[in-house]
Amino acid sequence: DAAKMKTKKLVFEEVFYACDAKTLERLKELSSRRRVIEQSINQSSNITEAIAREMAGGSSCPYEQDLRKLDHYLPLLINLVFYTESVKTKSLKLQKRVTDFKIRWSSPLSASCIMRIGSPKFYSIDNLRFELGMSLFLYGATLRERAFETLLTDLKETSTLFRKAAGVYRYLAEVILPPLQVHLPKDRPPEVTSSLSTVMSLICLADAQSRRKGKLSNPVVKAALWGQYLHEANSVLALSEEEGNDVLAKFKELLPINITLHELRSRRYLAEHLQHESHGTAVAVLRHAVAKTKKVRNPNSNSWCRVISQEISDAEKKLKKLEYNNETVYHEKIPGADSLPVLESKIIVDALPYEPQTIESSELYFQI
């Protein structure tokens, strides 16, 4: 639910004094492009489906429509942020008003927001990078939601969308958010911390890697999926909590449950491969995996409980078959847990870099 963000109205020409007509026109364009995003995520738009489809180049998918709106808005916002930070104040044709920006966003990943009854909690930070950080986080989350929509129709496109999302989050963590950290108040949304963007990038890479079916004909490669990215993401999230990130408990539960789920699934793949080489080792691998999974604390989510229960059931059926075959046909010794093969993670995908139009790569959107 990372894309379920809300925001309050922001009018750029009310925040900045424009010293010429051209600059004022550009500020109004920026406000207009943000307004359609506000209306979409706040579900307050009066635009008909036909008009929305036409504005999105013929697409009827809400996520694709939102991505197109963000594609139009983000390059202009990035240019404004870099411009205001790179020129001397005395030479600006664009001067900030004394009043606050009043940039306000809610956070679907913050425990404080979820605990509120009624309207969500809105965070307000007087910094343009806050607006850019939240907008880019929304962009990455929307790419991720769109990727899930393509799961059943186009796995290659699914993987590409996850890799694009990973690139957006990496750009956030490495370029946009670090300068903002010293200006953040204690009460801030987790989306504007570099650590959470790093976690999201790693999760998206794990998702992308698990969908690269074309490279996964070897069961041993299948068995190596997910591990490294998810374990790394879990470590970063733990450090993030120590830094005071107010992250939703449901989100914190996501990673260890995913790791448990996919370790069991990976060891089932591995056992299926090993049964042709050493039936006793295959039995031991799957027996150990089932026992380890059953010891894990049950998640609070009923849907997660059902998924894990089903995975355990599938693994137990396979285990019973392996044990029966070993007892009646192979009669191989079953090794102990300390001598089992280790799952080795393999990296087969990387993030697709997010490359926005910036003041270095295009004509300045705002001129001195």
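Some values worked out for this structure:
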quantity	calculated
Subset of segment 239-282 [modelled with pLDDT of 85 or more, open to solvent by less than 20 Å² (accessible area, probe 1.4 Å) and not in a helix (DSSP H, G or I)]	Val247
Pair list, Cβ < 6 Å and 6+ apart or interchain, from segment 129-158 residues that are free of Cβ contacts under 8 Å to residues at least 24 places away in the same chain to residues that are part of a helix (DSSP H, G or I)	Thr150/Glu157; Thr150/Thr158
Ala141 vs. criteria in contact with an Asp or Glu (Cβ under 9 Å, 6 or more places away or on another chain), at pLDDT 90 or above and among the small types (Gly, Ala, Ser)	yes
Condition broken by Ser303, with the remaining ones in (1) outside any loop (DSSP other than H, G, I, E, B); (2) at pLDDT 95 or above satisfied	(2)
Breaking point among (1) out of contact with any Lys or Arg (no Cβ under 8 Å at 6 or more places or on another chain); (2) surrounded by 23 or more Cβ atoms within 10 Å (Cβ to Cβ), for Gly167	(2)
Test set (1) more than 21 Å from the chain's Cα centre (by Cα); (2) assigned to a loop (DSSP other than H, G, I, E, B); (3) of a type in the set (A, V, I, L, M, F, W, C) - Val182 fails condition number	(2)
Tabulated pairs, segment 15-36, first farther than 30 Å from Glu49 by Cα, second acidic (Asp, Glu) and surrounded by fewer than 18 Cβ atoms within 10 Å (Cβ to Cβ), C-beta under 9 angstrom, 6+ apart or interchain	Val15/Asp100; Ala18/Glu25; Leu24/Glu13
Scope segment 143-158; condition surrounded by 22 or more Cβ atoms within 10 Å (Cβ to Cβ) and more than 10 Å from the chain's Cα centre (by Cα); matching residues	Arg146, Ala147, Thr158
Members of segment 323-355 found to be modelled with pLDDT of 90 or more and either in a helix (DSSP H, G or I) or of a type in the set (Gly, Ala, Ser) (or both), listed by number	Glu323, Tyr324, Asn325, Asn326, Glu327, Thr328, Val329, Tyr330, Gly336, Ala351
Residue satisfying all of: in segment 170-179; part of a helix (DSSP H, G or I) and either in contact with a Lys or Arg (Cβ under 8 Å, 6 or more places away or on another chain) or of a type in the set (Ser, Thr, Tyr) (or both); farthest from Leu128 (Cα to Cα) among these	Tyr171
Residue ID - nearest to Asn42 (Cα to Cα), chosen from residues in segment 16-27 that are at pLDDT 85 or above and either open to solvent by less than 40 Å² (accessible area, probe 1.4 Å) or aromatic (Phe, Trp, Tyr) (or both)	Leu27
Selected residue (only one of Lys121, Lys69 is open to solvent by less than 80 Å² (accessible area, probe 1.4 Å), part of a loop (DSSP other than H, G, I, E, B) and at pLDDT 90 or above)	Lys121
Residue in segment 125-142 that is of a type in the set (Asp, Glu) and surrounded by 19 or more Cβ atoms within 10 Å (Cβ to Cβ) present	yes
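The values are calculated or read from the model by the stated rules, or taken from the named source; none is laboratory data. All values derive from a computational prediction rather than experimental measurement. Note that we place each Cβ from the backbone using ideal geometry, even for glycine, and neighbour counts take in every protein chain shown. SASA here: full protein model, heavy atoms, side chains in, ligands and nucleic acids out. Shrake-Rupley method; radii C 1.70, N 1.55, O 1.52, S 1.80 Å.
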